[in-house]
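Undergrad: My questions all concern the structure below.
The values are calculated or read from the model by the stated rules, or taken from the named source; none is laboratory data. All of these numbers come straight from a predicted model, not from anything done at the bench. As a convention, Cβ positions derive from the backbone with ideal geometry for all residues, glycine included, and neighbour counts pool all protein chains shown. These accessible areas exclude ligands, DNA and RNA; they are computed on the full protein's heavy atoms, side chains included. Shrake-Rupley method; radii C 1.70, N 1.55, O 1.52, S 1.80 Å.
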Amino acid sequence: MAKITEKVLLEKCSPKTSKLEQIKTLDLSKMSLKLEDLPVELLSRLVSMESFDLSGNTLVEFPRALVLPALRHLNLSDNQLEDVTTLEPLRGLEELKMEDNLYITVSDNYKLMVLLPNLRMFNGKDVSTTANHLRFVYSENLRSRIIAVWEKSFRLPDPQSRDKMAALQNQFVSAARQQVKYGPNSVSDFTKWRVEIMAKEYLNSLVNPKEETESNKSSETKEEEEEEEEEEISTPSKRKQPVCVMDSNIRLTPLKKFRRDFPSSPVLESPGKSSGINPKIQSLSGASGVRMSPRKKEPTPSIPSTPTTPSRAEGKAQTPNKRPRGRPAKEEKGARLKQEEGVKTMPIIQRCSSKTQAPVVLKPLHVLQCHSKQDSEEDFSTQLWACSFQPLPDTNAGAVSRLVATCGGDSLCVIDCETGMVMKKYKVPGEEFFSLAWSTVLMSRGGGASAQHCSVLAAGGKRGTVKLLHPRNNIAYGEFRASRKALSVLRFNHQQGNFLFTGSYDNKIVMWDIGGVDSHYNYKVVQLLVLEVSATPLHICLPPKAPGTHLLTGCEDGLHCYNTQLGTNNSTKRSEEMEITFPIYKKEDKEHDYHTIDGLSFLTDDIVASKNYSYGCIYLWSWLKTRSQRPDKKSREVCAVLLCELQWADTEIPYLALNTCPGRAYIVCGDDRGRLWTYHVTDLQKSSFQNGKAIVPTQVLEWPCPVRKGEQVSGPSINSVAMDTELQYLVALSDKNMVIVWKREEKC
């Protein structure tokens, strides 16, 4: 009688259920199981199983062809495993334990890191940086050596036949295994195994180049083709059409963003010093900041003192003083905005889902002065640059994140939007923070416990170093140098949380693997990719469905697209794939430059919002249709496929960043007078672009006019905005050291 039956599986599972398809955790440890005791057909029904414990048995290998699509944690400790390649079908595996398997070597461990693309924790330790080094950097070096062997001694037969190709493959693979030497001798078996696989792949790419092209392309376009099932994409032979045609039939159907981690603890801690490159643990300083709160519906909130107006630098940002303001006055832009002050509300909704049925009503809740130099109430000159809500884990469906991180001057703050309290504050004397980003990484806990997800915060600025923080535990656990010049922007891959992009003033974007952390906050950082940019990158965006394939960056000289796929034949140093242009470029002259893209964000999987500060409109355009075009061979340009224009402020102040809330179909952008221009976009007006008219905002939120010593503070420039996924809160940062928190007003 078989040891493993459906009855046994239902008895050993947790939580208890009556269906195999609903099992989440299964413990078959210490049952003296052999390979033949594990029926593949029966176990294949465990389609929802996330954790599988097979430790303490006598298995010589994992069952071949057993696919468990939801499996994330597997324990194979204390067995008699001899072959690890049978684990290859477990593509989603994140944590694997294989201690006390006598026949498993270091080379086998390395094979696992290549075979399992999502493996992060191995035998209780974080191996994500080592694994990614093997998958990409190590493999790239092997590939170049394999190609050298081919070019030196081999060529394709003419004519080709099956027998000739089989003989050639054997000779080439054998030569590559013997001649390619790389890495330490302790992993020579792994190197030969990897070289054999890669040599066969390379030879196949020479014989069937179309197959390689299609396979490389499939991973990039799979998601995009799903979006286009009901819509044909035309692929013009030239880079752009005489006139960019708006597709007025496309409906915006925004999707919710996934949430990833729990909010930080509200416990305040004592101040700590700045950490160095060594992993010394450092506490964030608790601070309440100077609160300037309008308290719900007060029309004129009070604040401590009269502000002083900071001076504005002229010209574009050339030095790491971050985005200086102002330019010489330019000509009027015609009648794009007839009466800007009169623009308040105008619905643009025709048909929409229940979640985006009507525009939200936002009211000012708090005004905070929490980034002051030396905690001075008189500081109204510190410019605030970036803010982002902490993502919540996928399991918290329907929850709202109340914690927002903000940066400016020499400090980072984590603020509770509901109470207006500064929960955590981190200072680095002499630093000036320009950007920050949240992500989720794995933390190993030791003692045999499974790894857990933890939310980390990365921040960077003038010094060119990235600070890594774990706000929940009030710890700044390390830093690494990302550039010799200042960092302008940081962005995490939302599907691969340990991949971080940094943009800097040396015109480079670098992709890093920051790995995870252990219980002692040890970590390792590895550089994976360098993108050569033609100007300072101001914004980085990754396609929501395929963040590992391409990167969009808004720069001072335009909007550029890069291929960021790892593990391909491309070099680890890459130039742009194409530049995306806009019709307004044709109106440029000596006094008008419309190339600076200082606002960029995805609204849906396809729709992108972007802007240039000197053109009083925000473009909405299709990423999928734009990318489907063939770039010009010389200039690498394609023209954005426009959907519509959104009317925005008439200003000469650069770097007023826009942001989007896909869950509520909202776009928000501040202006130079403290106002927030909000757009509730669910359907595109068919006639708007054809008539040459921009869609007016749904609502313009006026500056809340806080009071300081009896005088109202005038509206400053709004440098950045952020919203939680449900638009419960909206946070705006100004260049006068004020954080403004707005809250959605629930209708009775």
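Undergrad: Within segment 605-626, take every residue that is more than 19 Å from Y585 (Cα to Cα) and out of contact with any Phe, Trp or Tyr (no Cβ under 9 Å at 6 or more places or on another chain) and give me the one that is most open to solvent (accessible area, probe 1.4 Å).
TA: Taking the candidates together, the pick is K625.
Undergrad: Look at Y182 and say whether it is in contact with a helix residue (DSSP H, G or I) (Cβ under 6 Å, 6 or more places away or on another chain), in contact (Cβ under 8 Å) with a residue 40 or more places away in the chain and not in a helix (DSSP H, G or I).
TA: Values: in contact with a helix residue (DSSP H, G or I) (Cβ under 6 Å, 6 or more places away or on another chain): yes; in contact (Cβ under 8 Å) with a residue 40 or more places away in the chain: yes; not in a helix (DSSP H, G or I): yes.
Yes.
Undergrad: Condition first: under 22 Å from L10 (Cβ atoms) and open to solvent by less than 40 Å² (accessible area, probe 1.4 Å). Can you find one or more residues in segment 74-81 that meet it?
TA: yes
Undergrad: Looking only at segment 480-494, which residues are in a loop (DSSP other than H, G, I, E, B) and either open to solvent by 20 Å² or more (accessible area, probe 1.4 Å) or of a type in the set (A, V, I, L, M, F, W, C) (or both)?
TA: The first filter runs over segment 480-494 and keeps only residues in a loop (DSSP other than H, G, I, E, B), leaving 482-486, 493-494.
Across segment 480-494, the qualifying residues are A482, R484, K485, A486, H494.
Undergrad: Quick one: would you say A148 is over 32 Å from the mean Cα position of the chain (by Cα) and under 22 Å from V84 (Cβ atoms)?
TA: Answer is no for this residue.
Undergrad: Sort through V517, V525, V533 and tell me the only one that's open to solvent by less than 10 Å² (accessible area, probe 1.4 Å), touching a Ser or Thr at 6+ places or on another chain (Cβ under 9 Å) and either among the β-branched types (V, I, T) or in contact (Cβ under 8 Å) with a residue 24 or more places away in the chain (or both).
TA: V517
Undergrad: Another one. Residues of segment 495-547 being outside any loop (DSSP other than H, G, I, E, B) and acidic (D, E), which ones? Full working, then the answer.
TA: If we filter segment 495-547 for residues that are outside any loop (DSSP other than H, G, I, E, B), which is where we start, we get 499-504, 508-513, 517, 526-532, 537-541.
D513, E532 - these are the residues of segment 495-547 that are outside any loop (DSSP other than H, G, I, E, B) and acidic (D, E).
Undergrad: Mind checking which residues of segment 699-740 are crowded, with 23+ Cβ neighbours inside 10 Å, more than 12 Å from G670 (Cβ to Cβ) and of a type in the set (V, I, T)?
TA: Listed by number, the residues that qualify are V713, V739.
Undergrad: Consider L119 against the criteria (1) open to solvent by less than 40 Å² (accessible area, probe 1.4 Å); (2) touching a helix residue (DSSP H, G or I) at 6+ places or on another chain (Cβ under 8 Å); (3) within 29 Å of M443 (Cβ to Cβ); (4) assigned to a helix (DSSP H, G or I): it satisfies all of them except one. Which criterion is unmet?
TA: Of (1) open to solvent by less than 40 Å² (accessible area, probe 1.4 Å); (2) touching a helix residue (DSSP H, G or I) at 6+ places or on another chain (Cβ under 8 Å); (3) within 29 Å of M443 (Cβ to Cβ); (4) assigned to a helix (DSSP H, G or I), only one is false for L119: (4).
Undergrad: Give the residue, chosen from I618, I597, that is in a strand (DSSP E or B) and in contact (Cβ under 8 Å) with a residue 24 or more places away in the chain. Steps first, please.
TA: Working: I597 fails: in a strand (DSSP E or B).
The conditions single out I618.
Conditions (1) modelled with pLDDT under 90; (2) out of contact with any Ser or Thr (no Cβ under 7 Å at 6 or more places or on another chain); (3) of a type in the set (G, A, S); (4) over 18 Å from P547 (Cβ atoms), marked per residue:
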site: M421; (1), (2), (3), (4): no, no, no, yes
site: Q452; (1), (2), (3), (4): yes, yes, no, yes
site: A482; (1), (2), (3), (4): no, no, yes, yes
site: F492; (1), (2), (3), (4): no, no, no, no
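Undergrad: Being closer than 20 Å to L116 by Cβ, open to solvent by 10 Å² or more (accessible area, probe 1.4 Å) and either of a type in the set (D, E) or under 32 Å from the mean Cα position of the chain (by Cα) (or both), is that true of even one residue in segment 33-47?
TA: Within segment 33-47, one or more residues are closer than 20 Å to L116 by Cβ, open to solvent by 10 Å² or more (accessible area, probe 1.4 Å) and either of a type in the set (D, E) or under 32 Å from the mean Cα position of the chain (by Cα) (or both).
Undergrad: Does N498 satisfy the condition of being in contact with a helix residue (DSSP H, G or I) (Cβ under 8 Å, 6 or more places away or on another chain) and crowded, with 20+ Cβ neighbours inside 10 Å? Give the steps one after another, and end with the answer.
TA: Details: in contact with a helix residue (DSSP H, G or I) (Cβ under 8 Å, 6 or more places away or on another chain): yes; crowded, with 20+ Cβ neighbours inside 10 Å: yes.
Spelling it out, N498 is indeed in contact with a helix residue (DSSP H, G or I) (Cβ under 8 Å, 6 or more places away or on another chain) and crowded, with 20+ Cβ neighbours inside 10 Å.
Undergrad: Any residue at all in segment 441-450 that's surrounded by 21 or more Cβ atoms within 10 Å (Cβ to Cβ), β-branched (V, I, T) and part of a loop (DSSP other than H, G, I, E, B)?
TA: Within segment 441-450, not a single residue is surrounded by 21 or more Cβ atoms within 10 Å (Cβ to Cβ), β-branched (V, I, T) and part of a loop (DSSP other than H, G, I, E, B).
Undergrad: Let me ask something else. Taking only pairs six or more apart or across chains, which ones have beta-carbon atoms under 6 Å, a first residue in segment 122-140 that is part of a loop (DSSP other than H, G, I, E, B), and a second residue that is open to solvent by less than 20 Å² (accessible area, probe 1.4 Å)?
TA: Note: pairs meeting the criteria are G124/S444.
Undergrad: Do the conditions hold for P69, that is, is it touching a helix residue (DSSP H, G or I) at 6+ places or on another chain (Cβ under 7 Å) and assigned to a loop (DSSP other than H, G, I, E, B)?
TA: No: the conditions fail for P69.
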